[in-house]
1. What number comes out for the charge environment of residue 49, summing +1 per Lys or Arg and -1 per Asp or Glu over other residues with Cβ under 11 Å away?
2. Quick check: net charge around residue 34, other residues with Cβ under 11 Å of its Cβ, Lys/Arg +1 and Asp/Glu -1?
3. How far is it, in nm, from the label point at residue 18 to the one at residue 53 when both lie 7 Å from their Cα along the line to the Cβ?
Amino acid sequence: MADIADDANDLAQLEIQSILRNRMPTKSAYYKLCRFCKEPTPDGHAFCDEDCRDDFEKRNKGA
Ligand SMILES: [Zn+2]
């Protein structure tokens, strides 16, 4: 009987995983790498830290 319960559990897990995958926030798919140094960024941020953001803005201003 335990086997049947395990199978049901696995199915439920697969379903939850596919739901979560489809519900990924769009912004985390947007930026995967820092726009300045190309390091991976957390939570889909455009820059890995404030320094990179500042440097990127400075460079874009041509300063
Ligand atoms: Zn960076």
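1. On the way: positive: 53; negative: 39, 50, 51, 54, 55.
With Lys, Arg at +1 and Asp, Glu at -1, the net is -4.
2. On the way: positive: 32, 35, 38, 53; negative: 39, 49, 51, 55.
With Lys, Arg at +1 and Asp, Glu at -1, the net is 0.
3. 3.8 nm
Where a number appears in this text, it was derived from the coordinates with a stated rule and is not lab data. Remember, it's a predicted structure, so these values are computed and weren't measured experimentally. Using ideal geometry, Cβ is built from the backbone for each residue, glycine included, and neighbour counts are taken over all protein chains shown.
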